[in-house]
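Below: one structure, written as structure tokens.
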Amino acid sequence: MDDKQNDNLRPRPVSESKSEMIELVLPNDTNPLGALLGGRLMHWIDLAGALAAHRHSHSYAVTASMDHIDFLVPVHVGDMVILQSAVNRVFHSSMEVGVKVLVENYISGTRQKVATAYLTFVAVDRFGRKLQVAPVVPETEEEQRRYEGALRRREASRNERERRQAARR
Ligand SMILES: CC(C)(COP(=O)(O)OP(=O)(O)OC[C@H]1O[C@@H](n2cnc3c(N)ncnc32)[C@H](O)[C@@H]1OP(=O)(O)O)[C@@H](O)C(=O)NCCC(=O)NCCS
């Protein structure tokens with residue numbers, strides 16, 4: 001293993017992966033009633049999640065899965081959407097990233113939660129081969145809670161995948 005690979009596997013705090021992406025909702029992002037399309041929001045969630053995965057792993061990453069999303073409040077044309085992401089936990093080649101979506105009313109300065117999503121990214125090299133990812137170090141109580149939750153979610157989604165595969169046989 002060379003020095004660069006060693007450095008890539010250095011444990012990193014969650015804070016190093018924290019990312020924020022801001023989008024202004026334009027007419028092309030909305031349905032005929034002026035409400036943000038769910039598919040557009042999912043696209044932004046994927047991109048915001050990828051930012052954190054790249055920052056943490058110092059590598060390319062592909063989306064392996066995205067959990068279900070509940071849209072809590074409608075978002076309208078002209079609204080400002082804020083997507084905050086961070087790596088919650090690393091396994092081997094995969095990492096769980098949490099994305100929180102907020103809508104900001106820039107007239108009143110208030111923010112409302114729109115959605116939360118958990119995504120799994122797998123680190124790959126430029127040939128698409130899986131790579132080991134550096135451990136992530138939770139430093140706050142909130143980060144520790146998400147770190148523990150990530151293991152439970154991984155086990156639950158594995159069980160669910162196995163159940164679906166068995167049902168197909
Ligand atoms: C995701 C992908 C790299 C997994 O490759 P694979 O050889 O089937 O994976 P493995 O079974 O060896 O698992 C590799 C890791 O991915 C995780 N993983 C695989 N499928 C997963 C899924 N559906 N959800 C969550 N994690 C998953 C495994 O748990 C494992 O994690 P670990 O290394 O941290 O323990 C591969 O399926 C792929 O390239 N998919 C397409 C990705 C893509 O193009 N995404 C864009 C959307 S189209």
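Points worth noting:
- Of the candidates H54, H68, the single residue that is out of contact with any Pro (no Cβ under 8 Å at 6 or more places or on another chain), in a helix (DSSP H, G or I) and within 27 Å of E141 (Cβ to Cβ) is H54.
- Any chance V90 is surrounded by 21 or more Cβ atoms within 10 Å (Cβ to Cβ), free of Cβ contacts under 8 Å to residues at least 60 places away in the same chain and more than 10 Å from the ligand (Cβ to nearest atom): no
- Among the residues of segment 85-112, those that are closer than 17 Å to G149 by Cβ and not aliphatic (A, V, I, L, M) comprise S85, N88, R89, F91, S94, E96, G98, K100.
- Residues of segment 115-124 classified as within 16 Å of the ligand (Cβ to nearest atom) and surrounded by fewer than 21 Cβ atoms within 10 Å (Cβ to Cβ), total: 1
- Verdict on L102 being hydrophobic (A, V, I, L, M, F, W, C) and more than 14 Å from the ligand (Cβ to nearest atom): yes
- Selection from segment 128-155 of residues that are of a type in the set (D, E, K, R), more than 16 Å from the ligand (Cβ to nearest atom) and part of a loop (DSSP other than H, G, I, E, B): E139
- Remark: pairs (first residue in segment 46-62, within 14 Å of N88 (Cβ to Cβ); second residue surrounded by fewer than 17 Cβ atoms within 10 Å (Cβ to Cβ) and modelled with pLDDT of 95 or more; Cβ separation under 6 Å; 6+ apart in sequence or on different chains) are absent.
- For segment 114-126, the count of residues that are more than 19 Å from W44 (Cα to Cα), in a loop (DSSP other than H, G, I, E, B), touching a strand residue (DSSP E or B) at 6+ places or on another chain (Cβ under 6 Å) and touching a residue at least 40 places away in the same chain (Cβ under 8 Å) is zero.
- Top-ranked residue in segment 125-167 [being surrounded by 11 or more Cβ atoms within 10 Å (Cβ to Cβ) and polar (S, T, N, Q); ranked as farthest from L9 (Cα to Cα)]: S157
The values are calculated or read from the model by the stated rules, or taken from the named source; none is laboratory data. Just so it is clear, the model here is predicted, and its values are computed rather than measured. Here the Cβ is made from the backbone with ideal geometry for all residues, glycine too, and neighbour counts use every protein chain on show.
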